[in-house]
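Before any comments, here is the structure.
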Amino acid sequence: MRYRTLALFCAFLFGSLCVSAQTPSGSIVSMPTTGQSITQPIGTTLAVNSLQQEFWVDQYPGSDVGAKINYALANVCPTSGGYTACVLHLPYAPGGITQSTAVAITSPYVSIIGQGSGNTVINCTINSDCFRVYTNPFTIAHAGNFRGFSVHGNNGSAQTGVHLGDIVGSTWKDVAISGFGNGSCLLMDDADVGQGPSSGWTERNSFDQVALTGCGKLLRFIHRGGLNSFGYNAFNDMRMTLSSGETAVSVENDATPYHMTFNATINGPGSGTFNIFNIQDNGLWQANVMNVRGETGGSGCAVKQSGGGFFWYGVFTGFETFDQPSCYTGGGHEQLVGNLSPAPVGSQTNVTADGDVVIAAGSVLTGFYYVSYTGNSRTHHMLMAVDALQFNNSGTINVLSNTSYLGGPVISNPRIVHDSNSQPQLVVTLGNLNGGGILEVGFLGEIGGSQVAKLLPSVTLGTTVVATPNPVMLYNTSTATACTPSGQVVTLTDTGGHTVKVATCN
């Protein structure tokens, strides 16, 4: 009788999910007056379809996981303030579960939780959006949590893994998206579905331990309605892997990701051509704090810009083989490097021929510049303090340190010149390269807005010299002769036995 009562209580509590098990060591008391402990044998599984407002989607009808999620959203989840409100749990499925039905989440109060990105793997076969997440009606209410699952596509021509937009404050953690062919892994879109032209934006969303790979565009920002705002999103830990022909981040159609943090590791293949950033149409990557690093054996553009603007603060490192940042074909801004003191920024390129090189160009060139060359038996470093402004026919250069090693000097004649628009350029002359090597430029200063300099830009060399340093002292590993009262000429002997007349000193 006791076990029959227990079975009836189990059926009342858990419905059809109550299954037969070994006889428990004690009976469940429905209205206990003290604590009770029910011990189940090892290996016993308890399956439920709901616990308070949390629901396990594998317990609901549907031919695939997408259909099961949609069933739970439509038939099981309660509502709050006119929006669906619940937490949906995905099953343990390291071998993969099929999604052939698209999922649309239109509420800020829905969360989807898996068992970990390696333990809940969704194989999507839909040739469109697999997951569409937005709010309708649009609201600035803080949105839900999405974590612990993977979405893999089958390289459909129009596939998108996660299409996110018109939403504020969602959290994404331990999510992997891959295999979406010519489409996007993560598409952030101000589409403003059904809201009119003056509302709908995608802001303050957070991404942590999010892995993107195997998509034509790993992360894509696009504006297709409403406002074009993608401000204050926090990309705390992006893990992005590129293949040939792919783009890591694309900003299109006047989308404006601004005042964001973007912390990413972006690696490319051993060969092939691809882009780290693509800025097109009137897209604007504006005043974002970045820490981007990675490595590749391929070639391509750190920034491919055909329109719009690219302004950022922080560090962009590790892409030594890239033609960086010369992939500009148009656009009103075309800026690559900005910074927020005291965080330095830098750029580098391979050089093989002697001649003049524009180190930096822009309307404001005020700050500290570190120029370094490393090549075959050649090493040279120069540190300069520079002050130069557009339309100002004067400027200053102070060479703070100028040191060569090994085969002798390579960098000489630092100067400020103006181009045809009276925009200043910081220029040096390279010589004695001995076959070529890596030229690196670092910058430290405080500039912002449209007053952002480009480092190592691909621009036409100006002709009007407005400033040169007052006399330059070159140091190297050997001791210079003393300045003589008559000529005050400094003579250096490098480690190869070559004598170099450097400059006067006083």
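The values are calculated or read from the model by the stated rules, or taken from the named source; none is laboratory data. These figures come from a predicted structure and were not determined experimentally. So basically every Cβ, Gly included, is an ideal-geometry build from the backbone, and we count neighbours across all protein chains shown. Remember, those area values only see protein heavy atoms, side chains included, never the ligands or the DNA or RNA. Shrake-Rupley method; radii C 1.70, N 1.55, O 1.52, S 1.80 Å.
Laid out as a table, the results:
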read-out: Net charge of Cβ neighbours under 11 Å - reference PRO269; Lys, Arg +1; Asp, Glu -1; value: -2
read-out: Three-way shape label, the range 109-172, alpha-carbon gyration tensor, a/c 1.5; value: oblate
read-out: Share of carbon and sulfur in the accessible heavy-atom surface of the range 369-460 [1.4 Å probe, %]; value: 46 percent
read-out: Area accessible to solvent at TRP172, 1.4 Å probe radius, in Å²; value: 10 Å²
read-out: Packing-based ranking, highest mean first, of 157-166, 435-444 given that Cβ atoms within 10 Å are counted; value: 157-166, 435-444
read-out: For the range 138-211: rounded, prolate or oblate by the Cα gyration tensor [a/c cutoff 1.5]; value: oblate
read-out: Rounded if a/c under 1.5, otherwise prolate or oblate - the range 151-260, Cα gyration tensor axes; value: prolate
read-out: The range 175-319: proportion of alpha-carbon pairs further apart than 28 angstrom, %; value: 11 percent
read-out: Accessible surface of the range 98-254 [probe 1.4 Å, protein heavy atoms]: carbon and sulfur percent; value: 45 percent
read-out: Accessible area, probe 1.4 Å, largest first, for residues GLU295, GLU246; value: GLU295, GLU246
read-out: Local net charge near ALA467, Cβ-Cβ under 9 Å (Lys/Arg +1, Asp/Glu -1); value: 0
read-out: Local net charge near SER107, Cβ-Cβ under 13 Å (Lys/Arg +1, Asp/Glu -1); value: 0
read-out: The range 149-197, accessible area per residue, ligands and nucleic acids excluded (1.4 Å, Å²); value: 26 Å²
